[in-house]
Structure formats: C-alpha cells, structure tokens
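The values are calculated or read from the model by the stated rules, or taken from the named source; none is laboratory data. Nothing here was measured: the structure is a model prediction, and the numbers come from that model. Cβ: placed from backbone, ideal geometry, glycine included. Neighbour counts: every protein chain shown. Surface areas here come from the heavy atoms of the whole protein model, side chains and all, with no ligands, DNA or RNA. Shrake-Rupley method; radii C 1.70, N 1.55, O 1.52, S 1.80 Å.
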Amino acid sequence: INAEYMGLQLIMEMLDTLQAIGKFFLDLGMIFGPLIGFIAQYFEIRKKQNSSGYSTQVSFILITANITRIFFWIEKQFSTTLLLAAIAMIVAQLFLLNESAAHRAKHRDVYLKSWCNKFTLYYIFFALLALGLYIIHQFSNLNSFYIETLGAISAIVEATLAIPQFIKNCASKSIEGLSIIMVMCWLFGDIFKFAYYTNTGAPIQLIYCAGFQNVMDILVMWQFWLFGKKSPASSLGNVDKENVSLSNNEIDTTNSLNTKEKDLEEVKMVPESPMLQRLSLIHIS
C-alpha cells in the first residue's frame, strides 16, 4: 500500500512539474509571442529602407494601451505575465517607431522635420500620459469604478490596433511595405491571447476586446488577398494612371509629327509641272 501511495504521489508530482513547465512556456509565449510580428516588420523596414507601408498609429495605439494597462495592473494586481508583456511591448514599439521615423523620408532635412512634427509629439504624449496617471494614482483615492474604467480604456484602445492599418490599406489600395508575417502574428497571437485570457481569469475587458481584435486581424489578412493579387502597375494608384495617360499623349504627339514629316517629304518628291518650270525660269530671268 505504501509503495502504491508513493508511486501515485510521484506521478502527481511529475504532473505538477509538467504543468509548471507548460505554464512557464505559455507565459513566455504571452510575453514575447506578440513581438515576433513587429520584429519582422522592423527588419522589413530596414531591408527596404522605406516605412511608408506601415502605419505608425499602430505603435501609438499599442504604447498608449500598455501604459494604461500598467497602471491598471498596479491597482488590480492580476497576472504578472501581463505586466511583463505590457513592458516588453512598449520597448519594442519604441524601437519600431524610431526605425519608422528614420526611413519615413528620403532626405535628412525632411526626416528632421517629420520627426519634430510628428514623432516628438508622440513621445511628449506618452510622457504626459504616464505622468498624469502617476499623479492620479499617488494623490487620489481611487474607487473601483475608476479602476475598471481604466482597464476598459486600455482594452478598447488596444482593440483598435488594426483599424489604422486597415484604413491605410484601403486608401492606398495596396499592401506594399507591410509584412505579412507581422499580420499573421497578429492573428495567431490574438487567438492565443484570447485563449490565455479566458483560461487564466483575466479581466473581462481584456477578453471581449481580444475577440474584437481577432475580427480586425482577419480583415487585414483579407486585404493581402484583395490587393496582393493585383499587378504592381495597378497598385500604384492615381499617380501611375496619370503617368500612363501622359505617356499615351506623348506617343500620339510623336505619331502626328511623324505623319506630318512624311507628308512634307511626299510633297517634295512630287515632280513639278512644265508650266511651273517655265514660270520659275521666267522669274529667275
């Protein structure tokens, strides 16, 4: 009996160990999994030296949502894994924002102007947001309504993640410069995130908004099929259409000039009549 009990206890300990190992890797996936797609986008921008296909509003949304989530975690004290995931995402998005700014323009002076006008405002907003939330948390008596509202804001802002990219793709009718690896990681990461939230007792705000993110990820993936099947010439937009029309006009102008030159040559080749020859001789004399 003692041997059977010891054997059963050993099996239970092994199962607990396997469960702990599984949870450890799940936590790692929750922290670093969402970063894979953005790392792919980072190297896509560096490779092509162009960030026009990536909407920097995606990074803006993620940093804003995760700053808010950190302060939500301070009051709610849910999974530490989600806190580490928020910190890791903020760091990754700051690197991606910087790389996007470096390749946003072709010339250095335009780059500096773009950075000062747009990206510096991003950083000022992030600093003011963090400072404002810190002051509120330090010097105010927070009630449950404020805490739950803060969590809802964090989740809703993150849920809009794919909307700017979706709108940008619709406006340009192109997915040029956008990493499909990043979007696939969005989709699989949000599916994983939804399952993780559901099974770890995460706040309800995070669960609902993760479901909405899955819908938007599918829509952006659909755009790869919709715009990716077009030829490069058809995806260049109105600028290329104008260039094509100008080229056609140039061809028509060239053809008309060639026709006029041929007509003049034919006129020169027509022999003069005897009457015209006599008149020319009289005129010369």
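Table for the structure above
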{"quantity": "D (Stokes-Einstein, µm²/s), Kirkwood Cα radius, the stretch 31-190, 1.567 mPa s at 4 °C", "calculated": "77"}
{"quantity": "Solvent-accessible surface ranking, highest first, for Phe60, Phe126 at 1.4 angstrom", "calculated": "Phe60, Phe126"}
{"quantity": "Solvent-accessible area, 1.4 Å probe, carbon plus sulfur percent, for the stretch 35-82", "calculated": "56"}
{"quantity": "Stokes-Einstein D in µm²/s, Kirkwood radius over Cα pairs - the stretch 111-209 at 10 °C with 1.306 mPa s viscosity", "calculated": "95"}
{"quantity": "Average accessible surface area per residue within the stretch 28-78, 1.4 Å rolling probe, Å²", "calculated": "41"}
{"quantity": "Ala88 paired with Gln138, simple spin-label distance in nm, labels 7 Å along Cα-to-beta-carbon", "calculated": "3.0"}
